[in-house]
Amino acid sequence: MPCIESDRTDVAVRWRRAASALAVAMTALAIAACSQSERAPGETSGPTTRSAAAAPPASSAGVAAAAAAGAEPLVRRPLAAPTARRSWAEVRQQAAERLVAANPDITYMGKVPDQLLAIPVLEIELNGDGSIRRIDILREPRQATETLKIAVEAVRRAAPFGDVSRLPKPWKFVETFLFDDAGKFKPRTLER
């Protein structure tokens, strides 16, 4: 005899996932509607990939996302100036911390859930001063593709990443974005 309770649980889980996907889609649309320009303040040249080029930065993304979710927007504080680092591991750590600081309303710091909504992977190429030169997409998620745009915009808001001119070239690092069902991400670098 089949268990009725497990069928109800499966339906509830599906509804929650569908509601989360809808919230992420609404957030992406709100961010796109609020965007004003093609480049973030710290970016010196446009990205070279199709998806990254189609994702304009949104300085009011937190306000738009909060409004779409019906919540009070978080007040964004200016980021502290990045410092020059001595290794690429330190650059990645500082960049991940800046990603969280620049995007407090769309990040989480707790345990990564067993099932993730999406896992986009970006390669960020920098200029010597730490500004973004280009963003390349190494892994595009099959589902919840709007998370890719959210990740690109989050990187742009977190820039610049500190002087890297004394580090060996190429001036690039890779970040993986672990999106949960609520549409919030955690940089994989901080998952230790």
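The values are calculated or read from the model by the stated rules, or taken from the named source; none is laboratory data. This structure is a prediction, so every number in the text was calculated from the model and none was measured. Neighbour counts are summed over all protein chains in view; Cβ atoms, including those assigned to glycine, are modelled from backbone coordinates with ideal geometry.
Some points to look at:
- Pair list, Cβ < 9 Å and 6+ apart or interchain, from segment 84-111 residues that are within 15 Å of residue 126 (Cα to Cα) to residues that are acidic (Asp, Glu) and surrounded by fewer than 19 Cβ atoms within 10 Å (Cβ to Cβ): 84/163; 85/163
- Of the residues making up segment 100-132, those that are part of a strand (DSSP E or B) and in contact with a Leu (Cβ under 6 Å, 6 or more places away or on another chain) are 121, 123.
- Of all residues in segment 169-192, those satisfying the criterion of being aromatic (Phe, Trp, Tyr) and over 11 Å from residue 106 (Cα atoms) are 171, 173, 177.
- Long-range neighbours under 6 Å by Cβ, at least six apart or interchain, first residue farther than 17 Å from residue 99 by Cα and without any contact (Cβ under 8 Å) to a residue 40 or more places away in the chain within segment 131-150, second of a type in the set (Asp, Glu) and not in a loop (DSSP other than H, G, I, E, B): 138/123
- Tally, over segment 147-186, of residues that are among the hydroxyl-bearing types (Ser, Thr, Tyr) and within 17 Å of residue 89 (Cα to Cα): 2
- Candidate set: segment 139-192, residues that are part of a loop (DSSP other than H, G, I, E, B) and of a type in the set (A, V, I, L, M); chosen: the one surrounded by the fewest Cβ atoms within 10 Å (Cβ to Cβ): 182
- Among the conditions (1) closer than 13 Å to residue 158 by Cα; (2) of a type outside the set (S, T, N, Q); (3) at pLDDT below 95; (4) assigned to a helix (DSSP H, G or I), residue 66 misses just one, which is (1).
- Of all the listed residues (126, 122), the sole one being at pLDDT 95 or above, more than 13 Å from the chain's Cα centre (by Cα) and surrounded by 20 or more Cβ atoms within 10 Å (Cβ to Cβ) is 126.
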